[in-house]
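Novice: Submitted below is the structure of interest, expressed as structure tokens.
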Amino acid sequence: MSSPEKWTQPGPDSPPATAATPTAEQVIAGLRATDEGGADLVQLLTPEGERVEHPDFHLDISGEELRGLYRDMVLVRRADREANALQRKGELGLWVPLLGQEAAQIGAGRALKPNDMAFPSYREHGVAWCRGVRPTEILGMFRGTDNGSWDPVEHRFHPYTIVIGNQVLNAAGYAMGQKFDGKVGDADSEATMVFFGDGATSQGDVHEGFVWAAVYDAPLVFFCQNNQWAISEPTERQSRLPLYQRARGYGFPGIRVDGNDVLATLAVSRWALEECRQGNGPILIEAFTYRMDAHTTSDDPSRYRLSDELEMWKLKDPIERVKVHLVKQQWADQAFFDSVEADAEELAVEMREFCVNLETPPAGRIFSQVYAEGNPVLEAQRDEFLAYHAGFAGGEH
Amino acid sequence: MAAPTMDRSASAEPSAVQTMTIAKAINNGLRAAMEANPKVLVMGEDVGKLGGVFRITDGLQKDFGEQRVLDTPLSESGIIGTAVGLAIRGYRPVCEIQFEGFIFPGFDQLVSQVAKLHYRTQGRLKLPMVIRVPFGGGIGAVEHHSESPESYFAHTAGLKVVSCANPADAYWMIQQAIDSDDPVLFFEPKRRYYEKGQVDTTAAPAPLFQSRVLRSGTDVTVVAYGPMVRTSLDAAAAAEDEGRSLEVIDLRALSPLDLAPVYESVRRTGRLVVVSEAPGESSIAGEIAAKVQQECFYSLEAPVLRVTGFDTPYPPSKLEEEFLPDLDRVLHAVDRSLAW
């Protein structure tokens, strides 16, 4: 029996990112296949800082708004670099850099409205910023004094989730709740956005999240930052297909956006969230970006990827293109850029001081808030521990 | 059908005793097993080019190729679930779970399939697979990187569970686990990865499922496994300075437990302290206490005492020293036992 090619081969429109292996030229150049986002990539601001139109996604943006996005990205990058430096100085046990993903996170984060909900993984420092979480509030979990100190209800920003993909199902459930509460389809409607990476798309929880959100028509935007690397494994290890194309199999739209383009990310995220608020969710956004630093400060990317690749992505830097555009449009002058730099430096100082002054909680804190309604067995353990600990304090041991 | 046996004569080193870390010992053990049997596969996240986040599989993909050292998709259920299929097909997969806190997506496969397939098929299927799990705390890590979940698996009929505590055991136990026709959870004490010791590469110190007396003593028996073995040995050295003689036993096997040496020891000392990082409720430490009181009731001079992690979530790293048993807590329990 013949096997028509259309059933067995990827379509001619498939972007080069579908290739399981790079071309010979790309190998020689030290690059992998996924340096180009392909024909479906939504872009509104080129790496050279030129505005381009897209047939489906329009964005009217003022100079003031663009200056705001620029400031967000610069401050978030500065906070990220400061935290990285604090880890290098031994003040943090670990840091998870976001370097290179500022546009993806600020674009998505600024598309969220106050009543929307966001579920991060553990690299979403830029989204946290947009939700009103101070960078200082993230430091505790990396210094080891807490597990994240922000109020997830107040900020509508869930705690960081380290186990890969777990939060996607949690977000699907939250979005189902928004729908059950009648918060879809009217003026005060809400949506949820969940953040995860390319690696997470291999986890069962993520696939189950796709299924659940789809069958309950949940107002959920799946925001996948494809930063090309799951520690040492390239995205080709997770998928044959560009990730955004997976959505079709679950019955909802999938869109690939230039994750280094804050305008495109903002426009696509706004559209997707509004569609969800009006009852047309869920939607998958794949933000095509690049992890410019290590997976974490414990990682050494030189063992598995070539520096040429990083150099190539530096040309697509998410902040530089906005700066160029601001200058070209004469929407910002040197005084503006200087003031942003000064704000960034002030933030860095605040983080340093906050970090080194973070206090280790008192003895016995580990027994608190394990249960909402208490547990007599644990309370007995705590009392025994405190008596033991007091023995040390009194020098009796 | 008998398991393919490993011919180690080819890889036996002329100079039999070498000094190496636990990390290197597991690496060498994996290499020896892969050389001996082409059906041995290593699979997990980042185990190939990177050599694993702890470099336990360093160099293996380079030497054995991508079909024997698989950088898998990021999916623990996938790693363990496909290993079941590979094992049924005649391979001997060695799965790496990057940190113990990430094993739970694979828990269903472990409990529902790995543990039960031999039983459900009246022995027609065997699952010669190893699941390597770096476990335990003390490394200043973020959440899900410092836990001790071994009791869940020891509680599951059909799984065998072991833990190494020194380089010689690391080198040999990983090979013995790969040789086993039963699925073995292999818990590696990650905070001890870089501690060195001597490894005799010509002879295994003991069979896989045997506990070992590491230090003889007369006053109190201390039983531990994994990372707490070093802590217990340090406690014994400190106790000696105070004129107390502790006998330290490394369990090595957590399921099935090999408690005969413990009973023999407790009948002499009359006292037992069980040390484990895992929370104490419904734990391996509790199981040992129950069995020892049953078998050694008339010999006991004091109740069996447990020094364990508390029954809280593993705390933020600045607080982990409160959570983790340490030398002082072991000695405190020894004092209490002796004062009973």
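Novice: What is the set of long-range amide H partners of residue B:247 at a cut-off below 5 Å, with H atoms built 1.01 Å from backbone N?
Specialist: B:217, B:218, B:219, B:220, B:221, B:222
Novice: Restricting to bridges with both residues inside the range A:28-356, how much of the DSSP beta-bridge set is antiparallel, in percent to the nearest 5?
Specialist: That works out to approximately 10 percent antiparallel.
Novice: Next question, about the same structure. If you take the square roots of the eigenvalues of the alpha-carbon gyration tensor of the range A:269-343 and sort them as a ≥ b ≥ c, do you get rounded (a/c under 1.5), prolate (a/b over b/c) or oblate?
Specialist: Oblate, since a/c reaches 1.5 and b/c is not below a/b.
Novice: Please report the antiparallel percentage of the DSSP beta bridges confined to the range A:149-278, to the nearest 5.
Specialist: 25
Novice: Turning to a different aspect of this structure: Determine, for B:129, A:312, the number of other Cβ atoms within 10 Å of each Cβ, and report the residues in order from fewest to most.
Specialist: A:312, B:129
Novice: Between residue B:240 and residue A:369, what is the label-point separation in nm under the 7 Å Cα-to-beta-carbon projection?
Specialist: 4.6
Novice: Give me the angle, in degrees from 0 to 90, between the Cα long axis of helix A:262-277 and the longest principal axis of the Cα atoms of chain A, rounded to the nearest 10.
Specialist: Between the helix axis and the principal axis of chain A, the angle is about 80 degrees.
Novice: Same structure again: Can you list the HN-Hα couplings for the range A:40-56, worked out from phi with the Karplus curve (6.51, -1.76, 1.60; θ = phi - 60°), rounded to whole Hz and with x for Gly and Pro?
Specialist: Per-residue couplings from phi come out as 7, 5, 8, 9, 10, 9, 6, x, 8, x, 9, 6, 10, 8, 10, x, 9 Hz.
Novice: Using only helices, what value at 222 nm comes out for chain B when you add -39,500 (n - 2.57) per DSSP H run of length 4 or more and divide by the total residues, to the nearest 500 deg cm²/dmol?
Specialist: Numbers: 11 runs with 109 residues, N = 340.
The helix contribution divided over chain B gives -9500 deg cm²/dmol.
Novice: Moving on to the next point. Quickly work out the residue A:310-to-residue A:115 label distance, labels modelled 7 Å from Cα along the C-beta direction, and quote it in nm with one decimal.
Specialist: If labels sit at residue A:115 and residue A:310, their model points lie 4.5 nm apart.
Novice: Report the semi-axes of the equivalent ellipsoid for the protein assembly as shown in whole Å, largest first, where each axis is √(5λ) for an eigenvalue λ of the Cα gyration tensor.
Specialist: 48, 31, 24
Novice: Follow-up question, since we're still on this one. What shape does the range A:112-215 have by the C-alpha gyration tensor, where a ≥ b ≥ c are the square roots of the eigenvalues, rounded means a/c under 1.5, and otherwise prolate means a/b greater than b/c and oblate the rest?
Specialist: Because a/c hits 1.5 or more and a/b fails to exceed b/c, the range A:112-215 counts as oblate.
Novice: Put a dot 7 Å past each Cα toward the Cβ at residue A:339 and residue A:389; how far apart are the dots in nm?
Specialist: 4.8
Novice: Fewest Cβ neighbours within 10 Å first, please rank A:186, B:182, A:317 accordingly.
Specialist: Details: A:186 10, B:182 17, A:317 21.
Ascending Cβ contact count within 10 Å gives the list A:186, B:182, A:317.
Novice: Moving on to the next point. Can you tell me the Rg and the Dmax, both Å, for the Cα atoms in the range B:19-200?
Specialist: Calculated on Cα positions, Rg and Dmax stand at 15.0, 46 Å.
Novice: Setting aside same-chain residues fewer than 8 positions from residue A:89, which aspartates and glutamates have a Cα under 15 Å from its Cα?
Specialist: Cross-link targets: A:80, A:353.
Novice: Does anyone have the angle between helix B:76-88 and the longest principal axis of chain B? Alpha-carbon axes, 0 to 90°, nearest 10?
Specialist: Helix B:76-88 and the main axis of chain B meet at about 70 degrees.
Novice: For a quick check: sort A:290, A:70, B:91 by the number of other beta carbons within 10 angstrom, fewest at the front.
Specialist: B:91, A:70, A:290
Novice: Same structure again: Pairs to check: A:314/B:190; B:116/B:196; B:39/B:116. Give those whose C-alpha atoms are more than 26 Å from each other in this structure.
Specialist: The pairs that break the limit, which is 26 Å between Cα atoms, are A:314/B:190; B:116/B:196.
Novice: Cα to Cα, under 22 Å, and not fewer than 8 places away if on the same chain: which lysines meet these conditions relative to residue A:183?
Specialist: The qualifying lysines are A:113.
Novice: Stick to the Cα atoms of the range B:212-339, pair each with every other, and give me the Kirkwood hydrodynamic radius in Å at one decimal.
Specialist: After inverting the pairwise mean of 1/r, the radius is 14.4 Å.
Novice: Next question, about the same structure. How big is the Kirkwood radius of chain A, worked out from every pair of different alpha carbons and given in Å to one decimal? Kindly include the intermediate steps, with their values, before the conclusion.
Specialist: Working: mean 1/r = 0.0444 Å⁻¹.
For chain A, the Kirkwood estimate is 22.5 Å.
Novice: Can you give the FRET efficiency to the nearest 0.05 for residue A:356 and residue B:340, using r as the Cβ-Cβ distance and R₀ = 35 Å?
Specialist: 0.15
Novice: Additional query: Quick one: 3J(HN,Hα) in Hz for the range A:70-82, Karplus 6.51/-1.76/1.60 with θ = phi - 60°, rounded, Gly and Pro as x.
Specialist: 4, 4, 3, 5, 5, 5, 5, 5, 5, 4, 5, 5, 5
Novice: Could you name the lysines whose alpha carbon sits less than 21 Å from that of residue B:291, not counting residues in the same chain fewer than 8 places away?
Specialist: Cα-Cα hits under 21 Å: B:160.
Novice: Residue by residue through the range A:279-286, what is 3J(HN,Hα) from phi via Karplus (6.51 cos²θ - 1.76 cosθ + 1.60, θ = phi - 60°)? Round to whole Hz and write x for glycine and proline.
Specialist: After applying 6.51 cos²θ - 1.76 cosθ + 1.60, I find x, 9, x, x, 9, 9, 10, 9 Hz.
Novice: Nearest-5 percent of antiparallel DSSP beta bridges in the range B:19-200? Walk me through the intermediate numbers first.
Specialist: Details: 3 of 24 bridges.
Bridges in the range B:19-200 are about 10 percent antiparallel.
Novice: For chain A, take the longest principal axis of its alpha carbons; what is the angle in degrees between that and the long axis of helix A:334-356, to the nearest 10 within 0 to 90?
Specialist: Between the helix axis and the principal axis of chain A, the angle is about 30 degrees.
Novice: So who's got an amide H within less than 5 Å of the one on residue B:278, skipping anything under 5 residues away but keeping other chains? H placed 1.01 Å off N, in plane.
Specialist: Sorted by chain and number, the residues that satisfy this are B:309.
Only the coordinates and a few stated rules stand behind these numbers; no lab work does. What you are looking at is a predicted structure, and each value in this text was computed from that prediction instead of being measured. Glycine also receives a Cβ, built like all others from the backbone with ideal geometry; neighbour counts cover every protein chain displayed.
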